[in-house]
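In what follows, a single structure is set out as structure tokens and then discussed.
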Amino acid sequence: MREPLISRFAPSPTGRLHLGHAYSAMRAHDLARAGGGLFLLRIEDIDPGRCRPEHVAGIIEDLHWLGLDWDAPPLFQSARLPLYAAALDRLKAMDLVYPCFCTRSQIAAEVAASAGAPHGPDGPLYPGTCRLLEAGKRDERIAAGEQHCWRLDAGRSIALTGPLEWHDADAGRVVARPEVHGDVVLARKDAPTSYHLAVTVDDADQGVTDIVRGRDLFEATHVHRLLQALLGLPTPRYHHHGLLTDADGNRLAKRAGSPSLASMREDGTDPATILAQLRGAHATG
Ligand code: GLU
């Protein structure tokens, strides 16, 4: 028997939802409904500086308004920090992570000083300064209470797992290239986890079989695939969809001031019309 399909929508409550979010939620929802599966809602609220309870309420209100219903109580990442800590502990025990004491400005200065510093999809890669610290020095600095994040030793990790791949509904077979991100942060200075670690742990823990999300997160999947292999977690199928753009071809994003679903509701827009348009964009796009 085929395993039940489980998809999810995983917004960060850092602002109101806009049409781009609605599109992603609709695609994940419809995939589950078409496959007789489950659609889950996960609130990714691990960033204490940017997440707000009122945005959580807004997300729930907007999805209800659209008529996209989920099948289990929403999961809040902020309530699951011990799970992420346990995953980090496993990686510590495997000697695949290290504490990094560098400040942003130290990293920037080091990158600026090195001609041809390697760049990844999100900018210059971490130059690896703290990877070279002796274990004794690391322990001393931690014991002295020096602020630090935890980074993945990408080189060691990749050497351990060997080549990896995943299947993407659009791109087909994708060979994982986690090295393009360098030594990513797995636990931040201000939060005991990071997006990469929390999302990987949660998708496995919730039994998500199909990850539907925008193409802007395609590159992050290289890291998630590596973490799955290191932590012995299953690899879901991926559906990285195209991003909705406005009439001028600009990506819809809250930062660019695109209308929120809340403002559309206030203007009297019919949610059924929105969903029909979004489904039409999927069918033709
Ligand atoms: N929380 C992420 C965001 O709002 C999405 C995570 C994911 O779908 O993997 O951009």
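Restricting attention to region 107-128, the residues that are assigned to a helix (DSSP H, G or I) and among the acidic types (D, E) total 1. Within region 204-225, the set of residues being in contact with a Phe, Trp or Tyr (Cβ under 6 Å, 6 or more places away or on another chain) and within 8 Å of the ligand (Cβ to nearest atom) comprises just one member, I211. Candidates are the residues of region 3-16 that are within 13 Å of the ligand (Cβ to nearest atom) and either surrounded by fewer than 24 Cβ atoms within 10 Å (Cβ to Cβ) or among the small types (G, A, S) (or both); the one that is farthest from D45 (Cα to Cα) is S7.
Give region 58-72 a look and list any residue that's aromatic (F, W, Y) and either in contact with an Asp or Glu (Cβ under 7 Å, 6 or more places away or on another chain) or within 11 Å of L261 (Cβ to Cβ) (or both), or say none.
So the first thing to find is which residues in region 58-72 are aromatic (F, W, Y), and the list is 65, 70.
Within region 58-72, W65 is the sole residue that qualifies.
Checking the structure you have, find out if any residue of region 34-42 is surrounded by fewer than 20 Cβ atoms within 10 Å (Cβ to Cβ), modelled with pLDDT of 95 or more and within 13 Å of the ligand (Cβ to nearest atom). There is no residue in region 34-42 that is surrounded by fewer than 20 Cβ atoms within 10 Å (Cβ to Cβ), modelled with pLDDT of 95 or more and within 13 Å of the ligand (Cβ to nearest atom). Residues in region 183-203 that are away from the ligand (no atom under 13 Å from the Cβ) and either surrounded by fewer than 22 Cβ atoms within 10 Å (Cβ to Cβ) or among the aliphatic types (A, V, I, L, M) (or both): V184, V185, L186, A187, R188, K189, D190, A191, P192. The single residue among R138, R131, R156 that is assigned to a helix (DSSP H, G or I), of a type outside the set (F, W, Y) and within 19 Å of P192 (Cβ to Cβ) turns out to be R138. Of all the criteria given as (1) more than 13 Å from D183 (Cα to Cα); (2) in a helix (DSSP H, G or I); (3) out of contact with any strand residue (DSSP E or B) (no Cβ under 6 Å at 6 or more places or on another chain), the one not satisfied by G145 is (2). Quick one: D170 ticks every box in (1) closer than 14 Å to V97 by Cα; (2) within 16 Å of the ligand (Cβ to nearest atom) except a single one, so which number is it? Result: D170 passes all but (1).
Entry remark, region 54-72: residues being among the small types (G, A, S), over 17 Å from S12 (Cβ atoms) and surrounded by 13 or more Cβ atoms within 10 Å (Cβ to Cβ) number 1 in total.
Residues in region 239-253: is at least one part of a helix (DSSP H, G or I) and within 14 Å of the ligand (Cβ to nearest atom)? Within region 239-253, not a single residue is part of a helix (DSSP H, G or I) and within 14 Å of the ligand (Cβ to nearest atom). Considered as a group, the residues in region 218-252 that are small (G, A, S) and more than 15 Å from the chain's Cα centre (by Cα) include one that is farthest from R177 (Cα to Cα), and that residue is A247. Quick one: in region 162-190, which of the residues that are out of contact with any His (no Cβ under 9 Å at 6 or more places or on another chain) and among the charged types (D, E, K, R) is farthest from L230 (Cα to Cα)? Among those residues, the one meeting the criterion is D190.
If I go through region 164-192 residue by residue, how many of them are part of a loop (DSSP other than H, G, I, E, B) and farther than 27 Å from A22 by Cα?
Looking only at that region, the number is 11.
Across region 84-106, what is the number of residues that are in a loop (DSSP other than H, G, I, E, B) and among the hydroxyl-bearing types (S, T, Y)?
Looking only at that region, the number is 1.
Take the conditions (1) free of Cβ contacts under 8 Å to residues at least 60 places away in the same chain; (2) in contact with a Phe, Trp or Tyr (Cβ under 7 Å, 6 or more places away or on another chain); I60 misses just one of them, which is (2). Does at least one position in region 23-33 carry a residue that is hydroxyl-bearing (S, T, Y) and near the ligand (Cβ under 10 Å from one of its atoms)? Scanning region 23-33, I find at least one residue that is hydroxyl-bearing (S, T, Y) and near the ligand (Cβ under 10 Å from one of its atoms), so the answer is yes.
Can you tell which of A113, A87 is out of contact with any Asp or Glu (no Cβ under 8 Å at 6 or more places or on another chain) and crowded, with 19+ Cβ neighbours inside 10 Å?
Details: A113 fails: crowded, with 19+ Cβ neighbours inside 10 Å.
The unique qualifying residue is A87.
The values are calculated or read from the model by the stated rules, or taken from the named source; none is laboratory data. Computed from a predicted structure; not experimentally measured. Methodologically, a virtual Cβ is constructed for each residue, glycine included, from the backbone with ideal geometry; neighbour enumeration extends over all protein chains shown.
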